[in-house]
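Only one structure is covered here, and it is reproduced in the block below.
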């Protein structure tokens, strides 16, 4: 079984090295695909908040076995970007592809169980996983019912499978970020036109966290918010994050 990950980065200095390190021992190759411009369908006059050189530095911060491979790409469309990554890894003989966004951090034992589950299942190409989303710190997290594709089994041409939640969580740190990164993120967000009015001031800036804080999805028919941050014991985070400079921060600003 050959295993590889791919990470598409335009920004992500705060978490990229932690994300890569969290899966490093389980991958034969880790591919980082850099784009100098947003690829989610929206552009902005704000200059990129991080440089290629900054991202390269953190990407190669930990690579003792020379597994990390850097790619300079020029895609304006995220779908094309991801298709390119998958086709490239498939052509390299990769059996299981881990889709690893820069802000996703795994427990290595969880990823190991997930990869073994998908391999033994031997049934579906696209395998979907539920996330745990951190909110403005390592002390609060939200659950939702979104299931993105995170393991691609190239032995199959189609099919969708759902990884059992009891195997463990992926830690999504995409909203445990600074105000500066958040402002840039919403300018280039793939669902920019759907971001809720006054979300930044009323939800993002509120502290302590308030319920119903998802940037695009509001309350359901029963009045329950899509994201409702709950206290989280940060000692349960993957060990690689315990050395993160924000580990003891009450709120990331």
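A few comments on the model shown:
- Restricting 208, 245 to those that are closer than 24 Å to residue 18 by Cα, part of a loop (DSSP other than H, G, I, E, B) and either in contact with a helix residue (DSSP H, G or I) (Cβ under 8 Å, 6 or more places away or on another chain) or at pLDDT 95 or above (or both) reduces the list to 245.
- Conditions (1) farther than 16 Å from residue 21 by Cβ; (2) in contact with a strand residue (DSSP E or B) (Cβ under 7 Å, 6 or more places away or on another chain): number failed by residue 67: (1)
Per-residue answers, yes or no, for (1) crowded, with 17+ Cβ neighbours inside 10 Å; (2) within 24 Å of residue 216 (Cα to Cα); (3) touching a residue at least 60 places away in the same chain (Cβ under 8 Å); (4) touching a helix residue (DSSP H, G or I) at 6+ places or on another chain (Cβ under 7 Å):
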residue: 109; (1), (2), (3), (4): no, no, no, no
residue: 113; (1), (2), (3), (4): no, no, no, yes
residue: 127; (1), (2), (3), (4): yes, no, no, yes
residue: 131; (1), (2), (3), (4): yes, yes, no, no
residue: 138; (1), (2), (3), (4): yes, yes, yes, yes
residue: 157; (1), (2), (3), (4): no, no, no, no
residue: 163; (1), (2), (3), (4): yes, no, no, yes
residue: 166; (1), (2), (3), (4): no, no, no, no
residue: 178; (1), (2), (3), (4): no, yes, yes, no
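- Members of segment 14-34 that are part of a strand (DSSP E or B) and surrounded by fewer than 21 Cβ atoms within 10 Å (Cβ to Cβ): 29, 34
- Selection from segment 45-77 of residues that are loosely packed, with under 13 Cβ neighbours inside 10 Å and over 18 Å from the mean Cα position of the chain (by Cα): 45, 46, 47, 53, 64, 65, 66, 72, 74
The values are calculated or read from the model by the stated rules, or taken from the named source; none is laboratory data. Computed from a predicted model, the values in this text were never measured in an experiment. Cβ sites come from the backbone with ideal geometry, for glycine too, and all protein chains shown count toward neighbours.
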